[in-house]
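This report concerns only the one structure given below.
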Amino acid sequence: MSRFIQLFGMALVMLCFSAMAQEAVKAPKDFTLKEINGEKEFTLSKAKGKYVALHFLLKTECPFCLRHTHSYAENAEKFPNVVQVFIKPDTVEEIKAWAGKFDNSDDVKTPMIYRDPDARLAEAFGIPNGYEFHGQVVHYPALVLLDPDGKEVFRYVGKSNRDRFDIEKFEAKMKELESK
């Protein structure tokens, strides 16, 4: 009986690793996002040679997303080798209204906010959906970090609208990755 349990356990672990590998394969090798004013685009292949931090922000009005975005924008100069990409699945009008609440009091400019219509990129990166926030079901807030070749090297998926990978943890993660 214990041999059966061991084999069953090993099979379960292998199944989990297989599912995780399939999830990673779903992520697009290249993609383009338009910023909300439609003037600029972010294309992953054009960021080769730099790390790319994809910040998947919540759909709807979210003050925690504003604080998170402001914190990263305020510390952007600490990470010259990282392109910070802030992504919201809302309509252009909703994103503009949300970004209009960005705190520019300490001379931190509102960073470029890119639109992910219907959260298609979040889906492609396997960001879980099903979080209920402001009467809507949305994807969880997440950070996906891609290396200079566009390969995923780290991800953090929050468990609530307040659960974010803060800037101090990001700084430590970047030091770890760049020291390899």
Next item on the list: Please give the strands (runs of 3 or more DSSP E) falling wholly within the range 24-63 in which 2 or more residues are modelled with pLDDT under 85, of a type in the set (S, T, N, Q) and on the phi < 0 side of the Ramachandran plot.
Entry: none
Check: Would you pick out the residues in the range 68-109 that are aliphatic (A, V, I, L, M), touching a Leu at 6+ places or on another chain (Cβ under 9 Å) and over 21 Å from Leu44 (Cβ atoms)?
Finding: Ala99
Next item on the list: Inspect the range 74-84 for any residue being loosely packed, with under 12 Cβ neighbours inside 10 Å and in contact with a helix residue (DSSP H, G or I) (Cβ under 9 Å, 6 or more places away or on another chain) and give the result as yes or no.
Entry: yes
Margin query: Between Asp103, Asp107, Asp118, which is within 23 Å of Lys34 (Cβ to Cβ) and either loosely packed, with under 15 Cβ neighbours inside 10 Å or under 19 Å from the mean Cα position of the chain (by Cα) (or both)?
Written below: Asp118
Item checked: Hits in the range 48-73 (condition: closer than 19 Å to Glu152 by Cα and surrounded by fewer than 18 Cβ atoms within 10 Å (Cβ to Cβ)) -> Lys48, Gly49, Lys50
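The values are calculated or read from the model by the stated rules, or taken from the named source; none is laboratory data. Note that the coordinates shown come from a computational prediction; the quantities given were computed from them, not determined experimentally. A quick note on method: Cβ atoms are made from the backbone with ideal geometry, for glycine too, and the neighbour counts reach across all protein chains shown.
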